[in-house]
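The values are calculated or read from the model by the stated rules, or taken from the named source; none is laboratory data. Predicted, not measured: the structure shown is a model, and the values here were computed from it. All Cβ positions, even for glycine, are placed from backbone atoms using ideal geometry, and neighbour counts span all protein chains on display.
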Ligand code: ADE
């Protein structure tokens, strides 16, 4: 790693391993704004006092953030410091906390979210959301992503999830919209700020809960564990197979809940192999959390599918 303990003395009073000098960081374009955080595209000097620069993503805390949100922001930073480097997890590059506003500097994912990536790969690509299922289904017949590519994306997401479990982390709101896609179309998990909130047991009390990705026990009992992420992973595979269509199309949120409760599961997509549906997707949606396959098992099954002739 080019950055670290070797920062020159004038860089500040607190010499933290991750701390980057503010003058080496440039925020160039605001990409998104949440309630307490802004996401910017930016640049930073790769080495102190050298010319070479690199593209980065920057999470910036907003001035109006509450005390709780500030804690939340710092907790995400701490979680990311602890995570070791993995291809399928967004890398922490550094941070700026000597003065406000604080910044978290992250590896930049040029392809944006997996959802955007999938939309851009829809056969006969349209930028607008397609809500009429039939129209999309007709197009899926001449798909722009091979079966191999679909399995590879799924395997990348599972590898990232398997990595974070080594640190006793749960992802909580896994969906194509929360996964990033880096250079070469590689899926990367990002956003670990939810850990703190979960500890305070108030996640998803808001109406923004990603219900369509949540397991039954999550919705009903607010029980979150690895098994609930595994359920969501099954929904992500469904999203990949449908080029980022919204799960349970044509159903309202209440109907989704009632249907899952009664044992309904989304059917096998027409262009999805029987094996992928039966060995990976459906087991992730097992009503009993302890009956869902572990990440390692899912990865094995995906590998087997990728190496087997159709
Ligand atoms: N949006 C949020 N984080 C990002 C990142 N690391 N790269 C690109 N876009 C992002």
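Within the range 252-279, which residues are crowded, with 16+ Cβ neighbours inside 10 Å and part of a helix (DSSP H, G or I)?
Those that are crowded, with 16+ Cβ neighbours inside 10 Å and part of a helix (DSSP H, G or I): 256, 257, 260, 276, 277, 279.
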Task: Residue list for the range 163-181, restricted to those being part of a loop (DSSP other than H, G, I, E, B), out of contact with any helix residue (DSSP H, G or I) (no Cβ under 8 Å at 6 or more places or on another chain) and more than 18 Å from residue 75 (Cβ to Cβ) - done: 166
Task: Selection count where residues are part of a strand (DSSP E or B) and within 25 Å of the chain's Cα centre (by Cα), scope the range 27-62 - done: 23
TODO: Only helices (runs of 4 or more DSSP H) wholly contained in the range 190-251 count here; list those with 1 or more residues that are surrounded by 19 or more Cβ atoms within 10 Å (Cβ to Cβ), out of contact with any strand residue (DSSP E or B) (no Cβ under 8 Å at 6 or more places or on another chain) and modelled with pLDDT of 80 or more.
DONE: 216-221, 226-241
Open item on the list: Need the failing condition index for residue 61 against (1) within 16 Å of the ligand (Cβ to nearest atom); (2) out of contact with any helix residue (DSSP H, G or I) (no Cβ under 8 Å at 6 or more places or on another chain), just the number.
Closed with: (2)
TODO: Could you tell me whether any residue of the range 96-105 is crowded, with 18+ Cβ neighbours inside 10 Å, modelled with pLDDT under 95, part of a loop (DSSP other than H, G, I, E, B) and away from the ligand (no atom under 16 Å from the Cβ)?
DONE: yes
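Somewhere in the range 109-122, is a residue more than 14 Å from the ligand (Cβ to nearest atom), over 17 Å from residue 176 (Cβ atoms) and at pLDDT below 90? Please lay out each step first, then the result.
Just the residues of the range 109-122 that are more than 14 Å from the ligand (Cβ to nearest atom), to begin with: 118-122.
Still in the list and also over 17 Å from residue 176 (Cβ atoms): none.
No: zero hits.
Here's the yes/no breakdown for (1) modelled with pLDDT under 95; (2) surrounded by 12 or more Cβ atoms within 10 Å (Cβ to Cβ); (3) within 16 Å of the ligand (Cβ to nearest atom):
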position: 5; (1), (2), (3): yes, no, no
position: 11; (1), (2), (3): yes, yes, no
position: 19; (1), (2), (3): yes, yes, no
position: 25; (1), (2), (3): no, yes, yes
position: 36; (1), (2), (3): yes, yes, yes
position: 41; (1), (2), (3): no, yes, yes
position: 45; (1), (2), (3): yes, yes, no
position: 49; (1), (2), (3): yes, no, no
